[in-house]
1. Starting at 0 and stepping by 10 Å, how many percent of the alpha carbon pairs of segment B:246-286 end up in each bin?
2. Sort B:Tyr210, A:Tyr11, A:Tyr238, A:Tyr229 so that the residue with the fewest other Cβ atoms within 10 Å of its own Cβ comes first and the one with the most comes last.
3. Taking the convex hull of the alpha carbon atoms in segment A:1-137, what volume per residue do you get, in Å³?
4. Along segment B:51-56, what does the Karplus equation 6.51 cos²θ - 1.76 cosθ + 1.60 (θ = phi - 60°) give for ³J(HN,Hα), rounded to whole Hz, x for Gly and Pro?
5. What's the whole-number percent of alpha carbon pairs in segment B:69-192 lying beyond 20 angstrom?
6. If I model segment B:198-286 as equal point scatterers sitting on the Cα atoms and use the Debye formula, what is log10 I(q)/I(0) at q = 0.17, 0.24 Å⁻¹?
7. If I histogram all Cα-Cα distances within segment A:155-226 using bins 5 Å wide from 0, what percent of pairs lands in each bin?
8. At q = 0.16, 0.17, 0.18 Å⁻¹, what is the log10 ratio I(q)/I(0) for segment B:159-245, with the Debye formula run over Cα points and no solvent?
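No lab work stands behind these numbers, since they all come straight from the coordinates. Since this is a predicted model, take the numbers as computed values, not measurements. With ideal geometry, Cβ positions are generated from the backbone for all residues, glycine too; neighbour counts draw on all protein chains shown.
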Amino acid sequence: MNASQLSIGQYYPGRSWLHRLDPRSKLIFVFFYVVFIFFANNAASLCWMGAAAIGGLLASRIPVSIVYRGLKPIFWLLALLALMHIFLTQEGPVLLRWGWFTVYEEGVRQAVLVTFRLFFLILFSSLLTYTTRPMDLTFGLEKLFSPLKRFRVPVGELSLMMSIALRFIPTLLEETDKIKKAQMARGADFESRNLASRIRSLLPLLVPLFVSSFQRAEELAMAMEARGYRGEEGRTRYRRLSMGTADWLLLLGAIPFYAGLFLLRTW
Amino acid sequence: MEIVVQSLTHIYQPGTIFARTALKDVNLNIPSGSFTAIVGHTGSGKSTLVQHFNGLLRPTEGTLRVGTVEITPRKSDLRALRQMVGMVFQYPEHQLFEETVEKDIAFGPKQLGWPDELVRQSVAEAVRMVGLKKEHLSRSPYALSGGERRRAALAGVLAMRPKVLILDEPTAGLDPRGRREILALLERLHREEGMTIIMVTHSMEDAARYAQQLVVMKDGQVLLTGTPQEVFAREDVLNAAGLALPEPARFVKALNSRLERPLPLLMTVEALEREIVARLAREGMR
């Protein structure tokens, strides 16, 4: 809840090759990455996918320390997951017996596989948000899903809702920080180790936050109407997306890349 | 309580590309029992500076001393300090959250763990100081008018019986009457209760009228400190900080270009009125 803390996947301004790609080509590439990472089932295919993630990280020119700090909370989850796989899988030859714990070979294999799959997945998809402005991302999504408009899916409205939500995250964080400070000045204790008093201390924070959010929503709706917003029908855009050579190259490159994955995996 | 600031530097989000130096090597001395106004353009670091005074922010470098408490870049428990140094943020009515005004004002004292009797007493005292009426107490804070809500928020801070009161733009967004009431209240707290008052403001008129000491800030640095007379004598510095003289002084300057014997540069309407009346009495209406 600290606005000054960088969180995972928060847009990191830059002018690298990855930053300049069209959000749509990035979205498509990442979508297939997220699906296909689960097809990587041996060392070679896992390294193949991992190389892409690390290559992407280097190409994005985002300081590794920033990404590391963002990923830190994930490491606990990954460690927990790995332990569960090691202790709960009961297949293959026994590697270790200790008390009533038995570790099987398949368990270790699964643990390594699942951990690295998830790690690369999170790393790669966070690169998408690290290098793409949230507004470009939602616009890209809207464009990709625009064929669904024919089936009466309110794509435009959904993407507008997403933009608004994203737009107000920093505002809300700032507001939270402000109210938190104001209540701390009045003696509120947000750092107490006592869980009960910590939950109670959330009330002075949440009530003003809710009130101001509703006020803000109302004002926003009015401001939009005042500026002529009448729904997505016939709305034109100031910002336009354009697919460049690099984008088509990335999409074309995706075919041999994922074909390589399927060649490397064991069937 | 005296506040001494020594080579204070504050950097937001240090070590990232978002790093921003908000305060740079600030040195300042605020005497006990004084009324100090901190003036400066938007983004000059005023708010960041005052948030150090009760330990809400910690210096990136340098130290502060508030009374006997030292605030250093290292972590320490500063909750005791927050009782001594009351902080009223911009638009403090946004912090109201309880069901009734009375409960909200009692929040601070209760957090301090004071006995019920003392809490009741402090609340009653604070309510009297800010001039809220009895019937306001049982209402929801959201049922009050803007000016009343601000006074309720102010009472919430006063109920903690601080020795120092810091106010960040206390009159922002109020109508002229609300402004006058709040400023008169501060003046009274200073005079009668002997509180040290530190007010962040854009209004040079308010600064001229109420403050004993002025601190002019620009780009995270203190350009000038001194009495209003000393500060307003340095118009060049004020202009560099993006500020102007108070309205009466600007009026006198414009008028002086047409007068044979110029008027002295006076900072408040009342002083100017007295001066002009005295002169007219001496020389007769012509």
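1. Percent of pairs per bin, in order: 31, 56, 13.
2. Starting with the residue having the fewest Cβ neighbours, the order is A:Tyr238, A:Tyr229, A:Tyr11, B:Tyr210.
3. Details: hull volume 17.7 nm³, N = 137.
Cα convex hull per residue, to the nearest whole number: 129 Å³.
4. Rounded to whole hertz, the list is 5, 6, 5, 10, x, 5.
5. Working: 3188 of 7626 pairs.
In whole percent, the long-distance tail amounts to 42.
6. Rounded to two decimals, the profile gives -0.74, -1.23.
7. 3, 14, 18, 21, 15, 11, 8, 6, 3, 1
8. For the requested q values the scattering log ratios are -0.68, -0.76, -0.85.
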